[in-house]
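J.: Please find one structure pasted underneath; my questions will follow.
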Amino acid sequence: LPAVCRLNPLHCCTTASCPATPPIIHTPSPPPHTRDCTGPSPCTSSLRLQEEEQQYRTSSLPAIPNPFPELCSPASSPTLSSETSRPDRDRLHRLGLQIIKVFSEDGMGKVVEIPADMTARDLCQFLVYKNHCVDDNSWALVEHHPALGLERCLEDHELVVQVQASMTSESKFLFRKNYAKYEFFKNPLNFFPEQMVAFCQETSGTIPPSQLLQNFLNSSSCPEIQGYLYVKEMARKSWKKLYVFLRRSGLYFSTKGTSKEPRHLQLLADLEDSNVFTVITGRKLHNAPTDFEFCIKPNKVRNEVKELRMLCAEDEQSRTCWMTAFRLFKYGILLYQNYKIPQQRKTLLSHFSAPVRSVSENSLVAMDFSGRIGRVIDNPVEAQSAAMEEGHAWRRMNILGSPSPLHPSSLSGVIHRTQLWFHGRISREESHKMIHQQGRVDGMFLLRDSQSNPKAFVLTLCHHQKIKHFQILPCEEDGQMFLSLDDGATKFTDLIQLVEFYVLNRGVLPCKLKHPCTTVAL
């Protein structure tokens with residue numbers, strides 16, 4: 001959990017090296033009907049406080065002392081505020097802070113003031129804490145270029161301010177899930193087909209997964225990704241199918257078939273001063289031959305589309321292989337260190353016998369009101385058993401169709417709408433886009449309303465980088481309504497029960513449900 005700043009309890013630092021200058025979220029001043037009033041009135045600088053005090057204080061009334069002095073930060077510390085004035089901006093600049101804006105997928109944004117040395121991981125950790133998200137180490141900061149139709153996830157170690165310096169005014173940062181960020185460390189064979197890895201071809205595919213990754217991470221080894229790609233000619237709309245090689249020194253194509261001789265290789269793109277992006281505008285804009293388009297963008301390029309190196313793969317697995325290998329060749333062991341940091345933190349937290357809870361949660365006690373008078377349940381085992389019984393009783397009450405005080409119909413008919421994996425009346429295309437943006441890993445799923453049957457639902461699931469849809473239909477038995485994925489062979493009283501079952505059991509699905517496709521509103 002982020003450390004709490006001792007100078008100001010409203011501020012939360014994400015790094016131990018920055019106890020007094022944490023990243024601060026600023027909400028731009030909205031219209032009167034949309035103004036955010038969820039938090040306490042922010043404190044301004046000491047100079048502004050003195051001016052307001054002189055304005056509102058009268059000689060006949062004594063000054064009223066501040067009853068909460070701990071909520072006011074010193075003049076040298078950034079504060080939560082709805083807008084940043086010019087003096088505050090100058091002061092923050094002297095403190096080494098920079099202003100950026102982060103957007104969620106619903107289009108809403110927050111202004112954040114961060115230190116110049118803040119990494120993408122630290123900013124994501126702060127946004128997770130600030131927006132009460134589940135910290136599962138799968139959040140990412142996305143560099144989004146709407147004018148170019150490109151986006152990429154920042155690596156955890158990249159400096160946010162440095163990346164922003166290479167962006168245009170139209171570009172922006174998005175806060176989004178990315179389950180596939182380090183998935184290749186867990187299942188490397190799914191990301192690197194043997195026919196695309198040169199040393200796998202040389203050894204007849206006998207390289208074990210651990211050796212495969214070691215060859216990519218070891219800077220002294222010379223791995224190589226090879227295969228056909230469609231390459232867009234610079235400043236033209238035509239594409240050529242070329243045999244391409246990706247090495248640590250760059251991306252090359254052969255001028256003579258599949259020859260690897262140096263005299264037949266020409267450089268397509270450099271890895272050092274470039275980044276690999278996903279193309280999000282679709283194949284029609286660039287007249288692409290397939291849907292699996294990606295791009296290598298030099299860091300110096302702003303809005304010049306003609307300087308982008310546009311590429312197309314034959315399928316999704318090939319595109320993922322090229323883009324993942326680009327990241328590994330560019331950053332090497334840094335990616336593995338980024339991957340291991342959350343694992344090490346999880347190991348440290350596992351030594352605690354109970355999860356760390358907030359002060360308000362620690363003040364709660366278990367009570368038994370079954371007798372004439374209430375009593376405190378001291379035995380933890382008895383308290384846990386009582387909580388489970390109460391939860392089952394509430395579930396049975398709503399499952400059996402008794403009216404809920406929150407809704408005229410049964411609660412089981414609407415409770416799924418509060419779940420992060422349920423997305424209401426979105427289209428099939430929107431569900432494809434959402435899953436594609438968040439990683440295309442096995443077990444990623446979401447549920448939505450069916451567009452063809454108003455009484456049915458649809459489970460959208462990703463397996464082997466392909467997206468499949470399963471209709472959830474209502475069925476009746478003994479006068480009670482159930483939901484089923486397999487024509488009534490397995491019946492569930494509500495969608496939550498259905499999801500819980502398929503998280504633990506594959507059933508008729510190609511894989512278990514693992515990663516819920518979620519969005520967050522900043």
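J.: Hand me the trypsin sites (Lys or Arg not before Pro) from the range 235-283 located in a DSSP loop with no more than 11 other Cβ atoms within 10 Å, in residue order please.
T.: Arg236, Lys237, Lys256
J.: Across the range 416-516, how large is the tail of the calculated P(r) beyond 24 Å, expressed as a percent of all Cα pairs?
T.: Cα-Cα pairs in the range 416-516 separated by more than 24 Å: 16 percent.
J.: Modelled label-to-label distance, Val508 and Ser221, 7 Å Cα→beta-carbon offset: nm?
T.: Taking the two extended label points, one gets 4.4 nm.
J.: Note the count of lysine pairs whose C-alpha atoms are less than 16 angstrom apart in the range 416-516, limited to pairs 8 or more residues apart or on different chains.
T.: Step by step, the pairs that qualify in the range 416-516 add up to 7.
J.: Between Asp478 and Lys340, what is the label-to-label distance in nm when each label sits 7 Å out along the Cα-to-Cβ direction?
T.: Between Asp478 and Lys340, the label points sit 5.7 nm apart.
J.: Put a dot 7 Å past each Cα toward the Cβ at Lys241 and His264; how far apart are the dots in nm?
T.: Roughly 1.8 nm, to one decimal.
J.: Can you list residues from other chains, or at least 5 along the same chain, whose modelled amide H is less than 5 Å from the amide H of Trp139?
T.: Asn178
J.: Expected output is a single nm value to one decimal: the length gained when fully extending between Glu233 and Glu430, i.e. 0.36 nm times separation in residues minus the C-alpha distance. What is it?
T.: Stretched out fully, the Glu233 to Glu430 stretch lengthens by 67.8 nm.
J.: Something else about it: Would you mind getting me the FRET efficiency between Val376 and Ala165? Use the beta-carbon distance for r and R0 = 60 Å, nearest 0.05.
T.: 0.55
J.: Which of Asn218, Leu242, Val197 sits closest to the plus end of the dipole of the range 183-334, meaning its Cα is farthest towards the positive end, when Lys and Arg get +1 and Asp and Glu get -1 on the C-beta?
T.: Leu242
J.: Over the Cα atoms of the range 183-334, what Rg and Dmax result, in angstrom?
T.: My reading of the Cα-based Rg and Dmax gives 15.1, 45 Å.
J.: What's the tally of Lys pairs in the range 183-334 whose alpha-carbon atoms lie under 13 angstrom apart, where the two lysines are 8 or more places apart or on different chains?
T.: Qualifying lysine pairs in the range 183-334: 7.
Taken together, the values in this text are just the output of simple stated rules run on the coordinates, not laboratory data. Only a predicted model underlies this, so the values are computations on that prediction, with no experimental measurement involved. All Cβ positions, glycine included, derive from the backbone under ideal geometry; neighbour counts span all protein chains shown.
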